[in-house]
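Engineer: One structure, pasted below without further comment.
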Amino acid sequence: QGQLVASGGGSVQAGDSLRLSCVGSGRTFTSYGMGWFRRAPGKEREFVAAISGGTTYYADSVQDRFTISRDYAKNTVYLQMNSLKPGDTAVYYCARRFGVGSGVRLEHEYDYWGQGTQVTVSS
C-alpha cells in the first residue's frame, strides 16, 4: 500500500516561515501530480497548492507566499510557507493526484492522502 507522511508543522508567530514535507513510500508517486490541502477549524478542506507536470498552482490566498516543489530522488513534495498569517492556521494534508485534466484544485482528483500536519499561526 502506498503511504504519504506529512511533517514540518508547528506553532509560529505571524510573519514566520515553515516548510512542510510529504514523503511517499510503497507506491509510485513520481509519475503523478501532488497537492497540498488544508482544513481550518470549523471549515471544509480547501486547496492550497499543487504541482503537476512541472506546473505549479496556488490558491489566491497563498499566492506569492507559499511555494510548492518536489524532489523526485527523495520522493518528497515540499510546501514552503512564508509570511504566515493567523488565517493559515489549519491541518495541512498532502495528496497524490490521479486526475489529468483541469481539476487540479478538486479533492476528488486526489487518491492517496497523508495524515495531516498541524500549523498554528498566532498574532
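The values are calculated or read from the model by the stated rules, or taken from the named source; none is laboratory data. As the structure is a prediction and not an experimental result, all values here were calculated from the model. Note: ideal-geometry Cβ built from the backbone for every residue, glycine included; neighbour counts use all protein chains shown. With ligands, DNA and RNA removed, areas are computed over all heavy atoms of the protein, side chains included. Shrake-Rupley method; radii C 1.70, N 1.55, O 1.52, S 1.80 Å.
Engineer: In whole Å and largest first, what semi-axes does the C-alpha gyration tensor of the chain yield when each eigenvalue is scaled by 5 and square-rooted?
Structural biologist: 22, 15, 13
Engineer: I need the P(r) histogram for region 79-123: all alpha carbon pairs, bin width 5 Å from 0 out to the longest distance, whole percents.
Structural biologist: 5, 19, 22, 18, 17, 13, 4, 1
Engineer: Using the heavy atoms of the protein chains and a 1.4 angstrom probe, tell me the accessible area per residue for the chain in square angstrom.
Structural biologist: Each residue of the chain exposes 50 Å² on average to a 1.4 Å probe.
Engineer: Any chance you could list P(r) for region 43-101, counting all Cα-Cα pairs in 5 angstrom bins from zero, rounded to whole %?
Structural biologist: 4, 15, 29, 27, 16, 8, 2, 0
Engineer: Would you calculate the separation in nanometres between label points at Ser122 and Ala40, each defined as 7 Å from the Cα along the Cα-to-beta-carbon direction?
Structural biologist: 1.9 nm
Engineer: If you don't mind, another one. Computed over the Cα atoms of region 1-53, what is the ratio Rg over Rh, Rh following Kirkwood?
Structural biologist: Taking Rg over the Kirkwood Rh, I get 1.01.
Engineer: How large is the dipole of region 43-123 about the Cα centre if only Lys and Arg carry +1 and Asp and Glu carry -1, each at its Cβ, rounded to the nearest 20 debye?
Structural biologist: The calculated dipole for region 43-123 is roughly 160 debye.
Engineer: Considering only protein heavy atoms and a 1.4 Å probe, what is the carbon-and-sulfur percentage of the accessible area of the chain?
Structural biologist: Looking at the chain in its full context, I get 46 percent from C and S.
Engineer: Summing Lys, Arg as +1 and Asp, Glu as -1, what charge do residues with Cβ under 11 Å from the Cβ of Thr30 carry, Thr30 excluded?
Structural biologist: Its environment carries a net charge of +3.
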